[in-house]
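Heads up: the structure comes next, in structure tokens.
A short reminder: the numbers here are calculations on the coordinates, not readings from a lab. The shown structure was predicted, so the numbers you read here are calculated from the model rather than taken from an experiment. Neighbour counts are summed over all protein chains in view; Cβ atoms, including those assigned to glycine, are modelled from backbone coordinates with ideal geometry.
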């Protein structure tokens, strides 16, 4: 709602999050006003607030360099201190068009055409800068707080690679300098934890232009972790009543026509190939294959629920500009599962999926988990009664498990409501991970049935469920959460045996053989290098345990144990721990692995 004064300038009374987004949006306008003064030939596109700050896209002859950010930022701070008002004006379409034509703002004219004929057209003025904007904004620039410009990037107009490349400046704003400084510290920590940097340092994975962007090659060390994750995941699924399935990487076009993917998702699918005269597509999702398995025979209510899971590799076209390490790729392996059940079973099934998700995430070291419930959108398939029942089941399951949650009204997919689980990592960033998604669309499209206790045919409920999401993205999150210093049960190399000199190489190899025989991931370093250099080399891989052997250890049949220094945070440093026999060390490390400490 508006207050009396705010109504004239479009300033809303808001909660803290909305106020922060409003101040950031306003900061983008202040930045644009400064840029207009510095480079009058500039043409502006859009400048929204984002989850962590703001940006503005613009077109001008001057090519920005990092030094320009300091100049812009200084001028922004000056303008913020001057309490420049934000003034809102509603105008006709003709008035707006005339204004932006006179200013030569072609991108604004294009955005003006996006506003519906019956839509309100509002302008916001801040100093000499006038923008096409629906707002809201702060009353005056002093309410923006502390600002920092973060970087320069390129961005295609409207995100289309066929359009002109614009320049983009990213920035952020916070109510106080202390909050800004804390954020910037988190940003620096995030840079240190960047999975792309650590991935190279630890030789975990790589991408190659020769192979194609967005396609991941897993190196031996990364593959060790992946195999450990997959083994744990499979064992956990069997213990929780799932069966595993495997499905092909391609399917006939008619399969994707029935599922609706060719109608709604074709632009994200890879081009068809001709096989024996039939068009085939590389799969973007696993669900139609699981449905076809279900349809191989008549099903009774006694067989339900069916819980089928798969590590299924899928391929989806993503624009080159959004690809990002492991976080956004074109080929990835989904820890996919589908639950097909009766309406009476749905509440228990959803609750069990939430419990299972929480167990999985806590095993991987994530403790802060929040649920987001997305409800029926304006356009949806399926009877209202089914939507109500499904949504109530999701909400009841969230409450029964005692989870913190938010409701996203109208945020569900057209084919069903869903729960998204988000986890916080070691530096407080929130990641969207597990999804529990109802589907009223595919059971109807594929005519799924089961015979009920009444002897009649019924349509089952279907739930899409991913715990980790994609294995690639999850691995990227995991690398950054631990800064590469994985817990012992996940570490690509759990123990490295180091000899003080080559004289003790045979004993070091004997110790390493015992560890390997016990099932540990281990290596031995018996080179002539100084022990300090050997320890430094192990630190690059963040190996949790080093066993150092020299004359005394050979004589006593022991090993000198050093462990990663947890206080250092990056896992590259070690502290001496204890001297013990190999069997005692094996008992110790095995307990740590079993407990996933």
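Sorting 410-421, 154-165 by average packing, meaning the other beta carbons within 10 Å per residue, from highest down gives 410-421, 154-165. Ellipsoid semi-axes for segment 121-217, based on the Cα gyration tensor and the rule √(5λ), read 36, 24, 9 Å when sorted largest first. Which angle from 0 to 90°, rounded to the nearest 10, does the C-alpha axis of helix 384-400 make with the longest principal axis of the chain? Helix 384-400 sits roughly 50 degrees off the main axis of the chain.
Summary value for segment 6-192: 28 percent relative contact order, contacts being C-alpha pairs under 8 angstrom separated by 6+ residues. Sequence-distant contacts, meaning Cα pairs under 8 Å at least 6 residues apart, place the relative contact order of segment 472-597 at 27 percent. For the chain, the longest principal axis of the Cα atoms and the long axis of helix 505-517 meet at an angle of about 70 degrees. May I ask for log10 I(q)/I(0) of segment 6-192 at q = 0.11, 0.14 Å⁻¹, from a Debye sum over the Cα atoms as equal point scatterers with solvent left out? For the requested q values the scattering log ratios are -0.47, -0.78.
Size descriptor for segment 518-569, Kirkwood hydrodynamic radius: 12.4 Å (Cα pairs only, one decimal).
Starting from 0 in steps of 5 Å, tell me what percent of the Cα-Cα pairs of segment 120-161 lands in each bin. Binned Cα distances yield the sequence 5, 14, 15, 17, 25, 17, 6, 1. Relative to the longest principal axis of the Cα atoms of the chain, the long axis of helix 16-38 makes an angle of roughly 70 degrees. Note on the chain: helix-only mean residue ellipticity at 222 nm, from DSSP H runs of 4+ residues weighted -39500 (n - 2.57) and normalised by residue number, equals -11000 deg cm²/dmol. Each eigenvalue of the Cα gyration tensor of the chain, multiplied by 5 and square-rooted, gives one semi-axis; in descending order these are 47, 38, 23 Å.
Computed over segment 138-189, the alpha-carbon pair-distance distribution with 5 angstrom bins reads 5, 18, 18, 15, 14, 14, 11, 5, 0, each value a whole percent. Using the average count of surrounding beta-carbon atoms within 10 Å as a protection proxy, the listed peptides 231-244, 131-144, 383-396 rank, highest first, as 131-144, 383-396, 231-244.
Our summary of shape: the Cα atoms of segment 495-595 have principal axis extents of 34, 28, 21 Å, ordered from largest down, in whole angstrom. Rounded to two decimals, the Cα radius of gyration of segment 341-485 over 2.2 N^0.38 Å is 1.14. Computed over segment 300-355, the convex hull of the alpha-carbon atoms projects to a mean area of 5.6 nm².
DSSP bridge analysis restricted to segment 495-595 gives an antiparallel fraction near 55%, rounded to the nearest 5. Annotation: peptides 110-117, 583-590, ranked by per-residue average of other Cβ atoms within 10 Å with the highest first, follow the order 583-590, 110-117.
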